[in-house]
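Notes for the one structure printed next.
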Amino acid sequence: MFFELFFQYLVAGLTYGTIYAIVGIGFNIIYNTTGIINFAQGEFVMLGGMTAVTLYGFLPLPLAVIGAVLITMVMGGLIEMVFIRWLVKPTVLRMIIITIGISILIREGALLVWGEGVRSLPYFTGNEISALSLGGVRLSPQVLWSIGVCMVIVLFLNLFFKHTMLGREMRACAANRDAAALCGIPTKNMITLSFVLSAGIGALAGCVVSPITYTQYSIGSGLAIKGFTVAILGGLGNSMAAVAAGFILGILESFSIWVLPTAYKDAISIAILLAMLFIRPSGLFGNKEAMRLKDF
Amino acid sequence: MALLEVKNISKRFGGLQAVKDVSFSVREGSIKAVIGPNGAGKTTLFNLLSGFLLPDSGAIVYKGRPIHAKSPHEIAQQGLSRTFQHIRLFAHMTALENVMVGRHVRSRAGFLAGMLNLPWTWREEQEIRERALSLMEFLGIVDLADANATSLSYGQQRAVELARALAGDPAMLLLDEPAAGLNMRETADTARLISRIRDLGITVLIVEHDMSLVMQISDEVLVLSYGEKIADDAPRAVQGNPEVVRVYLGEDDA
């Protein structure tokens, strides 16, 4: 019985861990190309889930998910073009205020469009009660879907950044924007692209976890804090570390229910965030040198 | 024929007139040097030419087209490449990757094709890699291809930066103090290298403090002082120009 409970918590932790990891990766992509912490990152997850639910009203599930991801990508690009593109050397504080403002704007917009209702997509395979049995542990197939999608995203990003011209241009832009411009790289478009990419990744995550975690207009800001914690925990800018940090946070949260009241679950991540910022701001896997290269 | 023509260009920073009514031209296939005491406006001039600064007045004409209102990446795409006084390589990337990024100016793969990894982008990727490697061979740094760019020695980093600038097949290269921080032997190597680059058909405009290097390789020398042009002539004539001597050695005859 003890082990079954243990694994049940572990699986729940991994499920939440994947979504935290993906939000954390979204933070890192934008941070890497721009030095901006985009606090509207969680809203992309919400937008993806909500849009997919709406599209599912008249489209088959796979098309609804693809459509939601594409629409959110366009939204991400538009947000960058409207609010960020024209800024000349904005300060970090100004950027934080702007992205928090964007996040409030999206949330209130979503409230107008979709109302307060809690929604969810159907399970991708099977339904609520179908479960795979793994040594006595009941596992929803959707959990495998979300872990699988997270792995595919990480793999895709690695290939993209290491082995494609566009990916290399984005890394060049992150490393030195002036030098990248001199190589003929339109740096502003690279920044737009980073918003498009992280919006798409966030939206995909929002679709995949929606059957398990449900989605509502207000889930974004909570996810943004978790994702930011994960990005800091792993070391800002390091996407692989964000995955490990995401699982660590998810599992810690999940097991905290064992010893603490459920209401304290969110306090765990805030406590970790504060502790990391005080004790080791470069993250578990980051090195201090890498931090110093950035704007702050 | 003049590849680059600068007409009455001026730039002011608040109370400082950094570049004042400067005109000159650079012949295709030549090496032209810009010299002058510290604060003469050399780096400002380079920043104007490469599009990082907008001139207050005047025009910059490259290949018969005005470029002074264009952004740095557009100017780079037109084949006007530059290096920096303080090396700016892409950290967390190998030397080869740095050079490959320089080649991207010439790549045809569009946004969507790049995202989707279409087969012919892989082929183009191979071409870019081979071209980058052959350039590194030319500069004698092919052994360093897989090293992390920022882990290299100062002279090696300069070579990587130069390879990156050359990778876009520029018609003209702006070199900002390529011999800064190099010892005498490395400076001599750099001089030979710049001549070889010119022999490839690339026009070179160079800012440099090392007089021996300037006098040895340049076809023409432009002298700036407090943002103004005081001489623009062959190296030997510039050396004998009393105004230039006065600017470099001070007013009083000691």
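General remarks:
- Remark: region A:77-93, residue by residue, has Karplus-estimated 3J(HN,Hα) of x, 4, 4, 4, 5, 7, 9, 10, 4, 7, 6, 9, 6, x, 6, 4, 4 Hz, where x stands for each Gly or Pro and the curve is 6.51 cos²θ - 1.76 cosθ + 1.60 at θ = phi - 60°.
- Set of aspartates and glutamates with alpha-carbon distance to residue B:63 below 17 Å, sequence-local pairs under 8 removed: B:5, B:28, B:74, B:169
- Computed over the alpha carbons of region B:139-240, Rg followed by Dmax gives 14.8, 48 Å.
- Shape of region A:102-199, Cα gyration tensor, a/c cut at 1.5: oblate
- For region B:71-90 versus region A:197-268, the gap between their alpha-carbon centres in whole angstrom: 40 Å
- Highest-MSF residue in chain B out of B:212, B:195, B:50 [GNM, Cα springs under 10 Å]: B:212
- Footprinting exposure proxy for A:89, B:7 (fewest neighbouring C-beta atoms within 10 Å first): A:89, B:7
- Of the residues B:17, B:126, B:157, the one that moves most in a GNM of chain B with alpha-carbon contacts below 10 Å is B:126.
- Between region B:198-254 and region B:14-56, the Cα center-to-center distance that results, in Å: 13 Å
- Nearest 10 degrees, 0 to 90: helix A:165-175 Cα axis against chain A principal axis: 70 degrees
- Going by neighbour counts of Cβ atoms within 10 Å, the residues B:122, A:114, A:86 line up, fewest first, as A:86, B:122, A:114.
- Highest-fluctuation residue, A:223, A:93, A:61 considered, GNM on chain A with Cα pairs under 10 Å: A:93
- In order along region B:169-177, the Karplus-derived 3J(HN,Hα) couplings, from 6.51 cos²θ - 1.76 cosθ + 1.60 at θ = phi - 60°, round to 6, x, 7, 9, 10, 9, 10, 9, 6 Hz, and Gly and Pro are given as x.
- Each of B:187, A:33, B:44 has some number of other Cβ atoms within 10 Å of its Cβ, and from fewest to most they run B:187, B:44, A:33.
Here, each number is a calculation from the coordinates, and none is a lab measurement. Just so you know, these numbers come straight off a predicted model, no measurement behind them. FYI the Cβ positions are ideal-geometry reconstructions off the backbone, even for glycines, and counts take in every protein chain you see.
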